[in-house]
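Written below as structure tokens is the structure these notes are about.
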Amino acid sequence: MNRRSLLAGAAAAGTVGLAGCLGGLLATTNSESTPAGVSESVLAATDYELAGIEQRTTEETVAFAGQSETVTVSNYLTTYERRVGIEGVAETTTARFAVFSTPKLAVFGRPLNPVAEQSTRELVGLVEAADDSIDDPEHDADETVTVLDQQATKSRFAATTDVGGFPIELDVHVTEAVERGDDFVVTFAVYPRSFREIEADNVTALAESVSVEPPTTNESATDDPANESTTDQ
């Protein structure tokens, strides 16, 4: 289970969704979110480490009344990892938490970012559609968490994946979007279900520690090739 295959699909799905909503509207905008991260003290307490900050950019040409403009939307996915061991599989990085930031993007005063209105079931569906390594997520439970002083539903889904031919049962957590300045923020998490007793509490703590400040970067995270900007046209 690598970071791109399990969580980066969320960023790709978000950019595609934004582009689809812009069709038929004249827009002259370049919108970029600010990377979002979590509290350093909570990272230390949960033993998670910053793995990378990835920018996902999409460009869409839209037309209206005989004119066309190119709209550029940039999202960020900040990913944290914790190494855990699975019986029968060598210890590897299998517990992950990610914070997805995406611009609110209003055109002519009309909010267009679909993430703001999507339920956790819709959000996890975007991840599944963008990433075939997460199989058949089924809704399992809901709870209310406080993210950036806003109440949001955090849903847990049961899913499966395959690691070197070894089937692994997963818990996947998704929170509803909350506002952070000019952005919306969504959190995602995934870990082997056998670690639920520990990781479920970790995920809640991480989600509730999302900060208004951008994450503190380090050289190893920012130099990861997975963090390079991508553009879909």
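Restricting the stretch 129-154 to residues that are more than 14 Å from ALA189 (Cβ to Cβ) and in contact (Cβ under 8 Å) with a residue 60 or more places away in the chain, the residue that is most open to solvent (accessible area, probe 1.4 Å) is ALA129. Reported count of residues in the stretch 96-123, each being in contact with a Pro (Cβ under 9 Å, 6 or more places away or on another chain), of a type in the set (A, V, I, L, M) and at pLDDT 90 or above, is 1. Restricting the stretch 181-201 to residues that are open to solvent by less than 30 Å² (accessible area, probe 1.4 Å) and under 20 Å from GLN151 (Cβ atoms), the residue that is farthest from the chain's Cα centre (by Cα) is ALA200. The single residue among LEU77, LEU43, LEU25, LEU18 that is of a type outside the set (Gly, Ala, Ser), in a helix (DSSP H, G or I) and at pLDDT below 95 turns out to be LEU18. Would you mind stating whether PHE157 is part of a strand (DSSP E or B) and either in contact (Cβ under 8 Å) with a residue 12 or more places away in the chain or of a type in the set (Val, Ile, Thr) (or both)? Yes: the conditions hold for PHE157.
The values are calculated or read from the model by the stated rules, or taken from the named source; none is laboratory data. In this text, all values refer to a predicted model and were calculated from it rather than measured experimentally. All Cβ positions, even for glycine, are placed from backbone atoms using ideal geometry, and neighbour counts span all protein chains on display. For the accessible areas, the whole protein counts, side chains as well, though only heavy atoms, and no ligand, DNA or RNA atoms are used. Shrake-Rupley method; radii C 1.70, N 1.55, O 1.52, S 1.80 Å.
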